[in-house]
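Read through the structure below, which is laid out as C-alpha cells, and then see the notes.
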Amino acid sequence: MSRGDMAKPLLGHRGTEGDPSVTPASGRTIGVLGSGDFARSLAIRLVCSGFKVVVGSRNPKRKASLFPSAAEVTFQAEAVKKTDVIFVAVFREHYSTLCDLADVLAGKILVDVSNNTEINHHKESNAEYLASLFPACTVVKGFNVVSAWTLQSGARDGNKQVLICSNNQEAKRTVAEIAQVMGFTPVDMGCLSSACEIENIPLRLLPAWKIPIFLALGLFLCFFTYNLIRQVIHPFIREQKNKLYKIPIEVVNTTLPCVSYVMLSLVYLPGVLAACSQLYYGTKYRRFPDWLDQWLLHRKQIGLLSFFCAALHAVYSLCLPMRRSHRYLLIETAVKQAVEKKMNIWVEEEVWRMEIYISVGIIALGLLSLLAITSLPSIANSLNWREFSFVQSTLGFIALVISTLHTLTYGWSRAFDENQYKFYLPPTYTLTLLVPCTVIIAKVIFSLPCIQHRLLRIRRGWEKGRYVKFVLPSATGEYSSGETSSNV
Ligand code: NAP
C-alpha cells in the first residue's frame, strides 16, 4: 500500500451509520506500542477507520517513514501519555522492558495482541502475564486471531471475527467498539482467564479435520494393500509376472474410488444409527454416545474428503490412456488380433457397460461437487434450512445411490467369476458395497410410512411411554383436563 493510499479511508464509518450502539470513532486517539509488522498494519487500519493514532517506538525517527503520515510516531512514554487505549504490539518476552512505563500506563486499557509459538507454551497466558506486570492497568485480550495481512487488506478479505476477553466489562466494551468501527465482528469470550484459549486458536492445525483425515488415510491404506495383493503380488507369485509398474497409477486409481465411496456412505451412516437409536428408545431426548456425537459433527469434513478422492479418481482415470504401458498393451492386443485374423472385436455388452459406467460416474461426481460447494459457509449461509437439507440430505443420498450404480456397472458380473478371486480374495468392489448398501437399505426402510411417521413424531418431541397432560374441549364447549399416555 502506498503512503498516498494509506491516508485515504478504506472503510470510513461504513457499517456504523445509523447504529446508535457504536461510539463515533473520529476524535478518539488510539496508542500502539511497537513499530513492527502488526503495529504498522494496525495503525494503517485505525487511520483508515477514522481514529487518531499515536505510535510509541524506541526509535521513532527511524520508524516514522513506515507509518501513514496521519499517524504520529513518537517515543513510547510520549505516546502512552496521549491516549487511554494502547495496543501492545510487542512480543511477550519484551513485556518486561515496558515496565519503566508503569506510571504513565496506570489506569489505562492495554490491548494484548500477542500470540505464542506453541500451544500452551507458558503456564499463564500472555494477557494474564501482562496484567501481572501492570496491575494498575486494565488488560483486554484481542485482535491476535487476525493477521497483519488481514488488517491491511480489509475485513472483507479475511476472517472478520475478533475474539475479546477481559475482567473489566467497560474496557471490553471500548475495545469491542473499536473493533466494530474497524469493520470486524467482536466476539465476547468472557474473562481474562479465556486468554489462553484465544491465544491457542491461531496455532491450531485443522482441529476438525484430524479424525476424518485419519479415517481417509486408514481406508486408503487398507484398500491399497488389498489392491496391491490382488493386482501386483498375486500375478508375481502365481505367474512370475512383474506388475510393479501398476502401483503408481492403476493401484492408486482403484483405491481412490473405494475410499471416496465408503467415505460418502460414512456421511450418512451416523444419521441412520441416530434414527435407529431414536426409534429403539422412542425419544429424541436421550443423548447419543460420544463417538456418535463426534461422528455426526465430522460429516462435513468426511464428505469433503470423499469429494476430494472422487475428483482425484476422475483425473487419474482421464490420464490412463496417456501411459506408455497402456499403449504397449493396446498395440500388443491389436497385433494378436491381426495374427489370429479377428476382424470384429466389438462386444455389445462391454460397450454398454462402459457407457453406463462412465455416465453415472460423471453424474455422481457432479452431485458430489454440488454438495462440496454448498458446504462452504458463504454458500450455506445463503440457503434456508429446507434448501440446505434438500441438497445435503436428498441430493447427497441420490449421489450415494448413483455411486452405487457406478460401482455395480464397474463390477458387472465379476463377483460371479471365480478367476476374479485372487488368493480367495473377492474383487475389491464387492467389499466397498457393504456399508453403502446397508445405508441405502436402512434409508429405504425408514421411508416406509409406518416407520417414517413414528420417526417424525419422535423428532417433534413425542416420547414412548411418557404420560402427557392434555386439555380437551368437552361437548358443552368447556375444557376438561386429564392425563394420558402419548403412546396410546
Ligand atoms: P515485530 O515485527 O518483530 O515487531 C515487534 C516490535 O516490538 C518491534 O518492531 C519493536 O518496535 C517492539 N519492541 C518493543 N520493545 C522491544 C524489545 N525490547 N525488543 C524488541 N522489540 C521491541 O513483530 P510483529 O509481527 O509486529 O508482532 C508484534 C506482536 O503482535 C506479537 O506479540 C505477535 O504475536 C502479535 N501478532 C502478530 C501478528 C502478525 O501477523 N504479525 C498477528 C497477530 C498477533 P520498536 O523498535 O519501534 O520499539
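Only the coordinates and a few stated rules stand behind these numbers; no lab work does. In this text, all values refer to a predicted model and were calculated from it rather than measured experimentally. Methodologically, a virtual Cβ is constructed for each residue, glycine included, from the backbone with ideal geometry; neighbour enumeration extends over all protein chains shown.
A few notes on this one:
- Cross-link table 81/160; 81/172; 61/81; 300/443; 141/300; 81/141, entries beyond 24 Å C-alpha to C-alpha: 81/160; 141/300
- The modelled label-to-label distance for the pair residue 376/residue 206, using points 7 Å beyond Cα in the direction of Cβ, is 1.8 nm.
- Helix 169-181 vs. the chain, principal-axis angle (Cα, 0 to 90°, nearest 10): 70
- Simple spin-label estimate for residue 340 and residue 417 in nanometres, 7 Å along Cα-Cβ: 1.4
- Shape category assigned to the stretch 29-203 from the gyration tensor of Cα positions, a/c cut at 1.5: rounded
- Across the stretch 228-234, rounded Karplus estimates of 3J(HN,Hα) from the backbone phi angles (6.51 cos²θ - 1.76 cosθ + 1.60, θ = phi - 60°) give 4, 4, 6, 8, 10, 6, 4 Hz, Gly and Pro being marked x.
- Gyration tensor (alpha-carbon) shape descriptor, the chain, a/c threshold 1.5: oblate
- Multiplying each eigenvalue of the alpha-carbon gyration tensor of the stretch 209-460 by 5 and taking the square root yields semi-axes of 39, 19, 18 Å, largest first, rounded to whole angstroms.
- Ordering of 325-331, 69-75 by packing [mean C-beta count within 10 Å, highest first]: 69-75, 325-331
- The listed peptides 336-346, 81-91, 384-394, ordered by packing as a protection proxy, come out as 81-91, 384-394, 336-346 (highest mean of other Cβ atoms within 10 Å first).
- From phi via Karplus (6.51, -1.76, 1.60), per-residue ³J(HN,Hα) for the stretch 192-200 in Hz, x at Gly/Pro: 5, 5, 7, 4, 4, 5, 5, 5, 7
- In degrees, nearest ten, helix 252-281 long axis to first principal axis of the chain (Cα): 80
- Other residues with beta-carbon under 15 Å from the beta-carbon of residue 393 carry, at +1 per Lys or Arg and -1 per Asp or Glu, a net charge of +4.
- Gain on full stretching of the segment that runs from residue 369 to residue 451 - 0.36 nm per residue minus C-alpha separation: 26.4 nm
- Cut-off 20 Å (backbone N to label point 7 Å along Cα→Cβ of residue 408), residues of the stretch 350-382: 350-368
- Peptides 111-122, 297-308 ordered by average Cβ neighbours within 10 Å, highest first: 297-308, 111-122
- Helix 299-319 axis versus longest C-alpha principal axis of the chain: approximately 60°, rounded to the nearest ten.
- Around residue 432: net Lys/Arg minus Asp/Glu count, Cβ-Cβ under 14 Å: +2
- Ignoring aspartates and glutamates fewer than eight residues from residue 63 along the same chain, the ones with Cα atoms less than 20 angstrom from its Cα are 5, 37, 72, 78.
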